[in-house]
Amino acid sequence: MLLGRQAECDALDRLLSAVRVGESRSLLIRGEAGMGKSALLEYVHDSASGIRIARASGIVAERELTFGGLHQLCAPFLDHLPRLPEPQRDALGTAFGLSAGSAPDRFLVGLAVLSLFADVAEKEPLVCLVDDAQWLDQVSMQTLAFVARRLPAEPVGLVLAMREPCLQSDLAGLPQLEVGA
């Protein structure tokens, strides 16, 4: 347990419990720099017995690399790519530079990520953790917001940690956990 973070840890435990029983959940952790958002993500990681974890972190230097953040999160699952419907497989393959083609349809990329997560979660529950989401490239952020709003009835969780001020209107409407001092 993190000192002074009982309420936050309880909320994260509820998310993990829901995912363990086959439900999907998303959560945006918001707070100023240094408030412990990364420590809360680490708490999720350490508490996730029986759950597969995927991680990504926004990096200022990579903000202009379209699909870079999404690639960081999805790369461990690319062996599942052949199981996706062909249009989704082609869109994600093109987005990640695995196949040639023009810029992929972002709707298809979002659907592909949903399908990819659902396919991975068939074997064991999956929780995706994204730290410093404010520094993800815009397309990755939009795609993850799309995915968070449409998570299927699968054991999949998506937890994004973002520094305040939160100016990402893409994330409006997502369940939020504000981390204060």
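Structure notes:
- For region 131-181, the equivalent ellipsoid built from the Cα gyration tensor has semi-axes of 19, 14, 10 Å, listed from largest to smallest.
- Taking all protein chains together and rolling a 1.4 Å probe, residue 107 ends up with roughly 120 Å² accessible.
- Label point distance in nm, residue 164-residue 46, each placed 7 Å from Cα along Cα→Cβ: 2.5 nm
- Where region 1-134 is the region considered: accessible area per residue in Å², 1.4 Å probe: 48 Å²
- On full extension, the segment bounded by residue 75 and residue 149 gains 24.5 nm, given 0.36 nm per residue less the C-alpha separation.
- Fraction of accessible area attributable to carbon and sulfur, the chain (%, probe 1.4 Å): 51 percent
- Size of region 1-85: Rg and Dmax of its alpha carbons, in Å, are 15.2, 46.
- Placing dummy labels 7 Å off each Cα toward the beta-carbon, the span from residue 21 to residue 181 is 3.8 nm.
- The slack between residue 6 and residue 122, meaning 0.36 nm per residue of separation minus the straight C-alpha distance, is 38.6 nm.
- Residue (of 155, 112, 29) at the positive-pole extreme of the chain, dipole from beta-carbon charges: 155
- Inter-centroid distance (Cα atoms) of region 97-121 relative to region 127-168, Å: 16 Å
- Calculated [222 nm] ellipticity per residue, helices only, for the chain: -12500 deg cm²/dmol; basis is -39500 (n - 2.57) per DSSP H run with n ≥ 4, divided by all residues, nearest 500.
- The listed residues 29, 53, 59, once ranked by accessible area (1.4 Å probe) with the largest placed first, stand as 59, 53, 29.
- Mean projected area of the Cα convex hull of the chain, taken over all directions, amounts to 9.8 nm².
The values are calculated or read from the model by the stated rules, or taken from the named source; none is laboratory data. All values reported here derive from a predicted model rather than from experimental measurement. No Cβ is skipped: glycine too gets one built from the backbone with ideal geometry, and neighbour counts run over all protein chains shown. Remember, those area values only see protein heavy atoms, side chains included, never the ligands or the DNA or RNA. Shrake-Rupley method; radii C 1.70, N 1.55, O 1.52, S 1.80 Å.
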